[in-house]
Amino acid sequence: MDNNYIDQACKQFRTLLEQQLERSARMDHAAKDFSAQKQVVIGLIDGDGIGPIIMREAKRVLEALLKEEITAGAIVLKPIEGLTIENRLALGQSVPEDVLAAIKTCDVLLKGPTTTPKGGTMESANVTLRRELDLYANVRPVSVPELGIDWIFFRENTEGEYVLGSRGIEVPDTLAMDFKVTTVPGTRRIARTAFEYAKNNGKTKVAIVTKANIMKKTDGLFSALCHEVAAEYPDIQAEDWYIDIMAANLVNPDIRGRFQVFVLPNLYGDIITDEAAQIQGGVGTAGSANTGDRYAMFEAIHGSAPRLIEEGLGDYANPSSIFKATELLLRHIARGAAADKLAKALEICGQTEKKVVVTGDRTVATCAAYGDYVLETLAGL
Ligand code: IPM
Ligand code: MG
């Protein structure tokens, strides 16, 4: 074995550790009060693949719901160009510098899916944005009233396997190592977000989901800190679960109805929220809020669907997920009435009437036709 690899890896590990310690030391807390702000700038990022197709519909919905406020200048819809896989690959940057600068001039973002290249060293644009904007809470609601399901997931969004996922170590033809990071302030803030949500929304239970029996250091710390925070909420019951049995429980009709709020590390949250969304009708139906203290970004929970594009079926992409993200965005910027209206329209279109159906492989209408249906329904409310 060439000792060079070991020396290089040790050097790299030292840098990673120093950077993570530094990140952990500068986590701040100062949530924004949108109701006190004169103007809110909403950045609209199309993304790539099916991104621009579903975003077009979301834009129409936002324009309809916020018409007066846009005219009065209280809301600004600001298109952000350039976050496409073609541009990112050409520049060799996961989020090009000028795009990031434009994004940082906004308060909140509505973002279409972006392609994440497999392998190589290019980081996922999602991961870069979540890190650069410090969007530490990935909040994903899933609800299926007829099955008694009303879940909300608080996925830690800036740490775990993701934060150094593009900076692992490799000894060619021999081994590869990646790193997982859990910090004390990073865990405390997601735990606090989940328990505060539970307290303010009449929830009585929070499930802390880890694999602390195997990932003893990182998940062990995550679980211990969640319990520490839980101790400040005596009316809320904190339960420990392992991710594997939780994955089974979500499809167990005898048990799943008792879960309410979940808090969990990044990768488990990624996987299990796709499972939960599938129970709701598919990943195309679930929206996601990425929130931090300064910025927030709202998006579908899924990627850019290259298969649909390759098969020429992009126009049939389901916009439900980005509509749900739009509802979450409106609620976040204190536009509760508009959010409620959109929630009502989505319920009518997606669950009650179902006059126009777009659901993955059972697709019968285009994305635009579904957009028309939601807009007509909104106009009737
Ligand atoms: C998600 C997505 C992203 C993730 C991908 C697109 C990088 O799956 O938001 O859940 O892995 O976080
Ligand atoms: Mg995912």
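Throughout, read-outs are computed from the coordinates displayed, never taken from laboratory work. Only a predicted model underlies this, so the values are computations on that prediction, with no experimental measurement involved. FYI the Cβ positions are ideal-geometry reconstructions off the backbone, even for glycines, and counts take in every protein chain you see.
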Query - About the Cα centre, charge dipole magnitude for the stretch 253-381 (Lys/Arg +1, Asp/Glu -1 at Cβ), debye - result: 420
Query raised in the report: How much length is gained on full extension from R188 to S143, taking 0.36 nm per residue of separation minus their Cα-Cα distance?
Result: 13.6 nm
Query raised in the report: How big is the charge dipole of the stretch 84-213 about its Cα centre, in debye rounded to the nearest 20, if each Lys and Arg gets +1 on its Cβ and each Asp and Glu gets -1 on its Cβ?
Result: 580
Report task. Would you mind calculating the gained length between Q8 and D98 on full extension (0.36 nm times residue separation, minus the Cα-Cα distance), in nm to one decimal? Result -> 29.2 nm
Query raised in the report: Whose amide H sits under 5 Å from the amide H of V357, counting only residues 5 or more places off or on another chain, with H placed in the peptide plane?
Result: V364, A365
Requested in this report: Using the number of other C-beta atoms within 10 angstrom as an exposure proxy, rank F154, F222, F34 with the fewest first.
Outcome: F34, F154, F222
Report summary line: If one compares the long axis through the Cα atoms of helix 266-280 with the longest principal axis of the Cα atoms of the chain, the angle in degrees, nearest 10, works out at 30
Report task. Can you tell me what the convex hull of the Cα atoms of the stretch 111-219 projects to on average, as an area in nm²? Result -> 9.9
Query - Model label zone, D315; criterion: amide N under 20 Å from point 7 Å along Cα-to-beta-carbon; scope the stretch 35-73 - result: 48-61
Report task. Just order 223-232, 114-123 by mean Cβ neighbour count inside 10 Å, highest at the front, would you? Result -> 223-232, 114-123
Report summary line: Mean shadow area (nm²) of the C-alpha convex hull around the stretch 103-173 is 7.5
**Report entry** Viscosity 0.692 mPa s, 37 °C: Kirkwood-radius Stokes-Einstein D of the stretch 301-341 over Cα pairs, µm²/s
**Finding:** 281
Requested in this report: Over 23 Å between C-alpha atoms is what I'm after, so list which of K205/K341; K104/K341; K180/K216; K111/K324; K324/K355 land there.
Outcome: K205/K341; K104/K341
Query - Leading residue at positive end of dipole, the stretch 29-108 (Cβ point charges), from I50, L77, P96 - result: L77
**Report entry** Rounded, prolate or oblate (a/c below 1.5 giving rounded, otherwise prolate when a/b exceeds b/c) for the stretch 8-118 by Cα gyration tensor
**Finding:** oblate
Query raised in the report: Which whole-number percentage describes the relative contact order of the chain, with Cα contacts under 8 Å and a sequence gap of 6 or more?
Result: 20
Query raised in the report: Put +1 on the Cβ of each Lys and Arg and -1 on the Cβ of each Asp and Glu in the stretch 296-335; which of H332, A317, I301 then has its Cα farthest toward the positive end of the dipole?
Result: H332
Query raised in the report: Build a GNM of the chain with springs between Cα atoms under 10 Å: which of K341, K180, K355 gets the top mean-square fluctuation?
Result: K355
Query raised in the report: So, in Å, what gap is there between the alpha-carbon centers of the stretch 155-231 and the stretch 17-65?
Result: 22
Report task. Choose one of F154, T128, T174: the residue whose Cα lies farthest towards the positive end of the charge dipole of the stretch 104-250 (beta-carbon charges +1 Lys, Arg; -1 Asp, Glu; about the Cα centre). Result -> T128
Query raised in the report: Could the peptides 262-270, 168-176 be put in order, highest first, of the mean number of other beta-carbon atoms found within 10 Å of their residues?
Result: 262-270, 168-176
**Report entry** Potential extension, I214-A368 segment - 0.36 nm per residue separation minus Cα distance
**Finding:** 50.8 nm
Query raised in the report: Calculated from DSSP H runs of 4 or more alone, at -39500 (n - 2.57) each and per residue, what is the 222 nm mean residue ellipticity of the chain, nearest 500?
Result: -13000 deg cm²/dmol
Requested in this report: List every residue whose amide H lies under 5 Å from the amide H of V41, counting only residues 5 or more places away in sequence or on a different chain, with H placed 1.01 Å from N in the peptide plane.
Outcome: V76, D107, V108
Requested in this report: Mind putting a number on the dipole of the stretch 30-100 about its Cα centre? Charges go on the C-beta only, +1 for Lys and Arg and -1 for Asp and Glu, and I need it in Debye to the nearest 20.
Outcome: 200
Report summary line: Counting only DSSP beta bridges fully inside the chain, the antiparallel percentage to nearest 5 is 45
Query raised in the report: Just from the alpha-carbon atoms, what are the Rg and Dmax of the chain in angstroms?
Result: 20.9, 71
**Report entry** HN-Hα J in Hz across the stretch 282-289 - Karplus 6.51, -1.76, 1.60, θ = phi - 60°, x for Gly and Pro
**Finding:** x, 5, x, 9, 10, x, 9, 10
Query raised in the report: For the Cα atoms of the chain, what angle does the longest principal axis make with the long axis of helix 184-200, in degrees from 0 to 90, nearest 10?
Result: 30
Report task. Give me the Kirkwood hydrodynamic radius of the stretch 65-120, using the inverse of the mean 1/r over all pairs of distinct Cα atoms, in Å to one decimal. Result -> 13.2
**Report entry** Residues F179, F195, F298, sorted so that the one with the fewest Cβ neighbours within 10 Å comes first
**Finding:** F179, F195, F298
Report summary line: Exposure-ranked with fewest Cβ neighbours within 10 Å first, D33, D107, D178, D293 stand as D33, D178, D293, D107
Query raised in the report: Rounded, prolate or oblate: which one fits the stretch 256-381, using the alpha carbon gyration tensor with axes a ≥ b ≥ c (rounded when a/c is under 1.5, else prolate when a/b beats b/c, else oblate)?
Result: oblate
Query raised in the report: From the Cα gyration tensor of the stretch 266-313, with a ≥ b ≥ c the square roots of its eigenvalues, which class applies: rounded if a/c is under 1.5, or else prolate if a/b is larger than b/c, or else oblate?
Result: oblate
Query raised in the report: To the nearest 0.05, how large is the calculated FRET efficiency for D254 and K354 if R₀ is 30 Å and r is the Cβ-Cβ distance?
Result: 0.60
